């Protein structure tokens, strides 16, 4: 069955309601708050957000409550989810945003796409991101070592983490905790903040960071609370 047809009322009842739900609204709210906080720490002003695979809309709810001025586009490939929660119907493997967003959220989507579609999706995510990407995708390692198989949908394309990194690295620097910084944004990262830069990307990354390093030298872009 095509992935987009799997995400019907039964799917959401199983994974988002009751004691065996994967994530609650409050849990995702803490994740959204942490992501927004890290964006502020990295001096990324989040004025626009694109969410891919928005499902119940937990991320959108947090931003509407805590960042009401942010322009938010929530999308999903599921016709049922779009009708139920009011998202725009978009398939990230076939759709590329016309303009980039400051923050792109893609939680639990890529593992449902085959290799070719997932690779296209990553290219489209990169084209749509001018700041930070939050990405969660269950890998082969996660299935064996991390997830609770009784609560997690294991009918996925189980790829290695290296498969994802190879396709993300040309476009993003891995910051950690699911956060990736668009290389085009030139966000300066201390050496121990992010994953090591692949040698073939080191020169490109250094040039981009040098162009904007003054903005973050000594974290000068942060506001005191």
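The values are calculated or read from the model by the stated rules, or taken from the named source; none is laboratory data. Remember, it's a predicted structure, so these values are computed and weren't measured experimentally. All Cβ positions, glycine included, derive from the backbone under ideal geometry; neighbour counts span all protein chains shown.
Taken over region 53-74, residues that are closer than 10 Å to residue 85 by Cα and over 15 Å from the mean Cα position of the chain (by Cα) amount to 1.
Given the criteria surrounded by 18 or more Cβ atoms within 10 Å (Cβ to Cβ) and over 18 Å from residue 89 (Cα atoms), does residue 32 qualify?
Details: surrounded by 18 or more Cβ atoms within 10 Å (Cβ to Cβ): yes; over 18 Å from residue 89 (Cα atoms): yes.
Yes.
Which one is surrounded by the most Cβ atoms within 10 Å (Cβ to Cβ), of the residues in region 174-185 that are in contact (Cβ under 8 Å) with a residue 24 or more places away in the chain and under 19 Å from residue 36 (Cβ atoms)? The qualifying residue surrounded by the most Cβ atoms within 10 Å (Cβ to Cβ) is 181. Taken together, 109, 138, 147 contain a single residue that is under 24 Å from residue 29 (Cβ atoms) and free of Cβ contacts under 8 Å to residues at least 24 places away in the same chain, which is 147.
Hey, any hits in region 153-173 for a residue that's under 15 Å from residue 49 (Cα atoms), modelled with pLDDT of 95 or more and not in a helix (DSSP H, G or I)? Write out each step before concluding.
Filtering region 153-173 for residues under 15 Å from residue 49 (Cα atoms) gives none.
Looking for residues that are under 15 Å from residue 49 (Cα atoms), modelled with pLDDT of 95 or more and not in a helix (DSSP H, G or I), one finds none in region 153-173, hence no.
With respect to being in contact with a helix residue (DSSP H, G or I) (Cβ under 6 Å, 6 or more places away or on another chain) and within 18 Å of residue 178 (Cβ to Cβ), residue 103 falls outside the description.
Among the residues of region 140-147, is any surrounded by fewer than 18 Cβ atoms within 10 Å (Cβ to Cβ), modelled with pLDDT under 95 and not in a helix (DSSP H, G or I)? Scanning region 140-147 turns up at least one residue that is surrounded by fewer than 18 Cβ atoms within 10 Å (Cβ to Cβ), modelled with pLDDT under 95 and not in a helix (DSSP H, G or I). Applying the set (1) touching a strand residue (DSSP E or B) at 6+ places or on another chain (Cβ under 6 Å); (2) at pLDDT 95 or above to residue 116 leaves exactly one unmet item: (1).
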